[in-house]
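Asker: Okay, handing you the structure first.
Read-outs: derived from the displayed coordinates by stated rules, not from any lab. Because the structure is a prediction, the values reported are computed rather than measured. Using ideal geometry, Cβ is built from the backbone for each residue, glycine included, and neighbour counts are taken over all protein chains shown.
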Amino acid sequence: MNTMSGNNGKRKGSAPLALLAVLLLSALVGRAQQLPQYTQYMINSFTLNPAVAGTQPYFEACSDNRYQWVGITDAPRTYLLTFDGPITQQHIGIGGYVYTDVTGPTSRTGFTSAYSYHLEITKGLNLSMGLSVGIMQYAVNGSEINLEEAGDPALTNVQESVLVPDLGCGFYLYGNNFYVGLAVPQIVESRLQLTQMSTPANELVTHYYATGGYNFNLGTDFSLDPCLLAEYVYPAPVQFDFNLRLLYEKKFWIGAGYRTLDAVYAMVGYVYQNNLTFGYSYDYSINDIRNYSFGTNEIFIGIKFDRQKNYKGLAQF
């Protein structure tokens, strides 16, 4: 869930007042987690790390739609569309993505492009270095908020927005059956000063992602994929996300995972004719949100095309 800053405000809706306060403040607090999270990040880890671009032997377009905390008015909704692939002769990967992340009267919309360069360290072991550059619009629709104190200068009753640049980098060490990555998005902690706000400017905050995964071959048909994601953003505690998938013929999988202080989840997926990937996950909250929500749904669709022959990169579906 994304988080950025604001003050006392009440959104019109049917959820309890305390829960609305949690949603608004979590969508608006400046020095905490700001970037949306994805349960199925292991299928398309390019969303976390620009160095992943080009590690597959094909170009791929992916759509990831997340509906968080179903049943709660104004709960977060995230829509993501990515595209990446290799330019093999130059050992280069390219890609980009567009996204919209909405929580109540606040939203983030942006575009990010990525470039990666791949080095072969030894046979079967590669290192990729990636850079991402983008632009993001942060907006608050003040007309959809009833202020607890009339005339509160923290928000106005109009739509306000600001455009800011975004810069990130990453490293990705990968082989035929494993990967380890480190990514740092939002390196530039851009100020989010809305035009009519008299309060001090808020800013983006740098995040740190560490990922790792391994593919265990269990025979001719089955394999087991554990994966770990660690995320840190000051001053929040480090959050860990561990999941395990069991795959059949690299076409069908079921899995489960645990995200500290947040949720447990289950997922299922299928690859049709080696070109179309479908994935679904369901999160069950383990914090107080579970008293108000029916859980979180996430739907993933991927399309592979333009396969590269004699490619030696990591094949992750």
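Asker: Taking the Cβ of each residue in D241, D288, D84 as the centre, tally the other Cβ atoms inside 10 Å and list the residues starting with the fewest.
Answerer: So the residues, fewest neighbours to most, are D288, D241, D84.
Asker: Within a 10 angstrom radius of the beta carbon, how do E120, E298 rank from fewest other beta carbons to most?
Answerer: Fewest-to-most ranking of E120, E298: E120, E298.
Asker: Once you put a point 7 Å from the Cα of V133 and another 7 Å from the Cα of Y272, both along the Cβ direction, what distance in nm separates them?
Answerer: 3.9 nm
Asker: Still on this structure: Could you give the nm distance between label points at F216 and F111, where each point is 7 Å from its Cα heading toward the beta carbon?
Answerer: Roughly 4.4 nm, to one decimal.
Asker: Starting at the first residue of the stretch 212-218, write each ³J(HN,Hα) from the Karplus equation 6.51 cos²θ - 1.76 cosθ + 1.60 with θ = phi - 60°, in whole Hz, x for Gly and Pro.
Answerer: Karplus values, whole Hz, x for Gly and Pro: x, x, 9, 10, 9, 7, 9.
Asker: So, one more: In nm, give the distance between the simple-model label positions of I299 and L246, each being 7 Å from the Cα along the Cα-to-Cβ direction.
Answerer: 2.8 nm
Asker: What Kirkwood radius, in Å to one decimal, follows from the Cα pairs of the stretch 202-259?
Answerer: Working: mean 1/r = 0.0759 Å⁻¹.
For the stretch 202-259, the Kirkwood estimate is 13.2 Å.
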